Amino acid sequence: MQHLSIVILGGTGFLGTRLVSRLLKEGHRVTVLSRDREQHKHLLVLPGLAIENCDVYDEAQLSERFRGRDVVINLVGILNERGFGGGGFRRAHTELTRGVLQAARSAGVARLLQVSSLKAAPGAPSHYLRSKGEAERLIREHNGTLDWTIFQPSVIFGPRDSFLNRFAALLGAVPLVFPLARADARFQPVFVDDVVEALVRCLRGGPASRRTLELGGPEVLTLRQIVARVAELTGRRRAIVGLPDWVARVQGLIMDFVPGRPFSSDNYRSLTVDSVCAEDGFAVLGIRPQSMLAVARQYLGTLEDNARLSHDRASAGRPRS
């Protein structure tokens, strides 16, 4: 099979790192664009990978980096912005996509893969989902020969994720009772390697050409069920208490001003929409997605083992009552 020349935006993050490794193993020529290549030493060690400094918001720089490439993959996404009016989301999601489309046209790129988010739509309740939806609309309405596929995953999990691992850390920091906003919000958690597999199978288009694929795992779970599973696997069992919506909204407003924003008003608004697939994009590609309940044990279960060992060490030698 002919190897492709691929350029990736957002290739230094959680999903990008897994995707880059897979593409290199298959022999593709991969270039990752970054503001500062020296900050990503975990990628610099990968043989055959090119990391190039680039201002991805500069259309001229993008066009230069895109020239001669077969595929552009845009993974850029932020969960929170520095401000409050949605400008940060629009810049990172919508305006960047506009620049990518223009640069792809001028450089003669044939194929674009865009990772969006499940339930993204111009009329969605949060800045995050709206800006992703506007970016999708730009792609669908783009006049030109560019072939594209848009991926809409539900929340992505896997080793070193910022989803299950974040809840594991929060559970460790909060004793006894764990308050949870939008506890009944529903998700269809999807394994990172399944998303990578979907991207790889769509490099050349085929049945995914000019289509939007919703990607979800085999289970639909409430946020309460997900957090309970993390608590079980990490040995940090807590009473999970769902917050009334008005309290959750106040929590989001307060967290807007907490450094790092572990939760925000925009996150709250995103949670008012269930992240559950209406169509099975994996079925289109012939992929059987893996279960969160099974996979999470492989990396969160080590925390459970460590907790058990610590308890055993602490109780060793104590007389039985």
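Has the stretch 204-226 got any residue that is closer than 30 Å to HIS142 by Cβ, free of Cβ contacts under 8 Å to residues at least 60 places away in the same chain, outside any loop (DSSP other than H, G, I, E, B) and of a type in the set (Gly, Ala, Ser)?
Going residue by residue through the stretch 204-226, those that are closer than 30 Å to HIS142 by Cβ are 204-216.
From the residues that got through so far, the ones that are free of Cβ contacts under 8 Å to residues at least 60 places away in the same chain too are 206.
Adding the requirement that they be outside any loop (DSSP other than H, G, I, E, B) leaves 206.
Checking the rest, the ones that are also of a type in the set (Gly, Ala, Ser) come to 206.
Yes, the stretch 204-226 contains at least one residue that is closer than 30 Å to HIS142 by Cβ, free of Cβ contacts under 8 Å to residues at least 60 places away in the same chain, outside any loop (DSSP other than H, G, I, E, B) and of a type in the set (Gly, Ala, Ser).
The rows are residues; the columns are (1) under 19 Å from ARG297 (Cβ atoms); (2) buried (at least 16 other Cβ atoms within 10 Å of the Cβ); (3) more than 25 Å from the chain's Cα centre (by Cα).
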position: THR222; (1), (2), (3): no, yes, no
position: ALA228; (1), (2), (3): yes, yes, no
position: GLY235; (1), (2), (3): yes, yes, yes
position: VAL247; (1), (2), (3): no, no, yes
position: GLY252; (1), (2), (3): no, yes, no
- Task: Could you figure out which of (1) among the polar types (S, T, N, Q); (2) within 21 Å of ALA60 (Cβ to Cβ); (3) buried (at least 24 other Cβ atoms within 10 Å of the Cβ) isn't true of GLN102?
- Result: (3)
- Being within 21 Å of the chain's Cα centre (by Cα), part of a helix (DSSP H, G or I) and surrounded by 19 or more Cβ atoms within 10 Å (Cβ to Cβ) is the filter here, so list the residues in the stretch 62-98 that pass it. PHE89, ALA92, HIS93, THR94, LEU96, THR97
- Query: Which of (1) part of a loop (DSSP other than H, G, I, E, B); (2) under 30 Å from GLU279 (Cα atoms) is the odd one out, the single condition GLN114 does not satisfy?
  - Reply: (1)
- Task: Restricting attention to the stretch 17-49, report how many residues are modelled with pLDDT of 95 or more and surrounded by fewer than 14 Cβ atoms within 10 Å (Cβ to Cβ).
- Result: 3
- Query: Quick one: which of ARG288, ARG211 is under 24 Å from the mean Cα position of the chain (by Cα), surrounded by 13 or more Cβ atoms within 10 Å (Cβ to Cβ), closer than 30 Å to HIS3 by Cα and modelled with pLDDT of 95 or more?
  - Reply: ARG211
- Message: I'd like the full set of residues that are under 19 Å from GLY205 (Cα atoms), at pLDDT 95 or above and either in contact with a strand residue (DSSP E or B) (Cβ under 8 Å, 6 or more places away or on another chain) or not in a loop (DSSP other than H, G, I, E, B) (or both), limited to the stretch 139-157.
- Response: ILE139, ARG140, LEU146, ASP147, TRP148, THR149, ILE150, PHE151, GLN152, PRO153
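The values are calculated or read from the model by the stated rules, or taken from the named source; none is laboratory data. Source: prediction; values computed, not measured. FYI the Cβ positions are ideal-geometry reconstructions off the backbone, even for glycines, and counts take in every protein chain you see.
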